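Before any comments, here is the structure.
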Amino acid sequence: MAELTNYEKYFQEQMRIPEVKKEYDALEPEFAIVQAMIDARTKSGMSQQELSARTGITQADISRMEHGNANPSIRTLKRLAMGLGKRLQIQFV
């Protein structure tokens, strides 16, 4: 079994604190959106710059969204999906 990094150890310790875990879990939808954006772009073989050219969204804004430092609107998510040749689907489950 591989040895854990300092970050992984720290993360595991923090997840044992109920208040921290609750807040982390509450962010799951945002994490899922960010990961879906990154996965769709990388699976298409497209760079942020290429996606920017297709959508008119600046590369800096795409980077901020992918790092979780911006909350894209549904309109922006639709533009990203179109630029990736995909369709945006939002569900309540």
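Bear in mind these aren't lab numbers, they're just calculated from the coordinates by the rules spelled out. Nothing here was measured: the structure is a model prediction, and the numbers come from that model. With ideal geometry, Cβ positions are generated from the backbone for all residues, glycine too; neighbour counts draw on all protein chains shown.
Counting Lys and Arg as +1 and Asp and Glu as -1 over every other residue whose Cβ lies under 13 Å from the Cβ of S52, the net charge comes to +1. Compute the long axis of helix 74-83 from its Cα atoms, compare it with the longest principal axis of the Cα atoms of the chain, and write down the angle in degrees, 0 to 90, nearest 10. Around 70 degrees separate the two axes. The string of couplings for region 15-24 from the Karplus curve (6.51, -1.76, 1.60, θ = phi - 60°) is 5, 7, 8, x, 5, 5, 4, 4, 5, 4 Hz, one whole number per residue in order, with x for Gly and Pro. Considering all different alpha carbon pairs of region 24-64, the Kirkwood hydrodynamic radius works out to 10.9 Å.
Among R41, R64, R16, the largest mean-square fluctuation in a Gaussian network model of the chain, built with springs joining Cα atoms closer than 10 Å, belongs to R16. With one equal scatterer per alpha carbon and no solvent term, the Debye-computed log10 I(q)/I(0) for the chain at 0.16, 0.23 1/Å reads -0.76, -1.10. How charged is the neighbourhood of M37? Take every other residue with its Cβ under 13 Å from the Cβ of M37, and add Lys/Arg as +1 and Asp/Glu as -1. Around M37, the surrounding residues sum to +2.
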